[in-house]
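Please read the structure below before turning to the comments.
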């Protein structure tokens, strides 16, 4: 398996554990739900589910097509940006309540980075399928 595949799957497992801990935290302290519920959802969906899909797709698509991944370099940048964006978003959600507009700007910035990262995956997968 490639470096990117291994690290997407490892990150997915870390986010799975983090998402579970956030979920149990909300069960123990229901008053935290307002602050960490969006973080919990994004860590589970963009963290665990999407990262796992990225890792498996980067491994499987080239094998199904019988050719190399379009760009390992693009996959590496995707790995970095997707993780930076998700961690930034995870911290930005609760900051909306403490920093107001600054938290919203932070969330918009990291959300935009996430959109770029997803675009990198789409391009890499699409070009590999061509």
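Every number here is computed from the coordinates shown, using simple stated rules; none is lab data. Keep in mind that what you see is a predicted model, and the values were worked out from it rather than measured. FYI the Cβ positions are ideal-geometry reconstructions off the backbone, even for glycines, and counts take in every protein chain you see.
Any chance you could give the angle, 0 to 90 degrees and rounded to 10, that helix 3-28 forms with the longest Cα principal axis of the chain?
In the chain, helix 3-28 runs at an angle near 20 degrees to the longest axis.
For residue 115 and residue 25, what is the calculated FRET efficiency with R₀ set at 30 Å and r taken between the beta-carbons, to the nearest 0.05?
Details: r = 28 Å, r/R0 = 0.94.
Approximately 0.60, to the nearest 0.05.
What relative contact order, as a whole-number percentage, does the chain give when Cα pairs under 8 Å and 6 or more residues apart are counted? Before the final figure, lay out the partial values.
Details: 150 pairs, mean separation 38.2, N = 130.
This gives 29 percent for the chain.
When 105, 54 are ordered from fewest to most other Cβ atoms inside 10 Å of their Cβ, what list results? The partial results should precede the final answer.
Values: 105 14, 54 27.
By the 10 Å Cβ count, ascending, the order reads 105, 54.
Report the label-to-label distance for residue 67 and residue 14 in nanometres (one decimal), using points 7 Å from each Cα along the Cα→Cβ vector.
Modelled inter-label distance: 3.3 nm.
On the principal axes of its Cα set, how long, how wide and how thick is the chain? Give whole Å, largest value first.
52, 29, 18
In what sequence do 53, 36, 28 fall when counting other Cβ within 10 Å, fewest first? List each step's numbers first, then the result.
Numbers: 53 13, 36 18, 28 8.
By the 10 Å Cβ count, ascending, the order reads 28, 53, 36.
For every helix of n ≥ 4 consecutive DSSP H residues, a contribution of -39,500 (n - 2.57) applies; sum these over the chain, divide by its total residues, and give [θ] at 222 nm rounded to the nearest 500 deg cm²/dmol.
Details: 5 runs with 108 residues, N = 130.
Helices in the chain give a 222 nm mean residue ellipticity of -29000 deg cm²/dmol.
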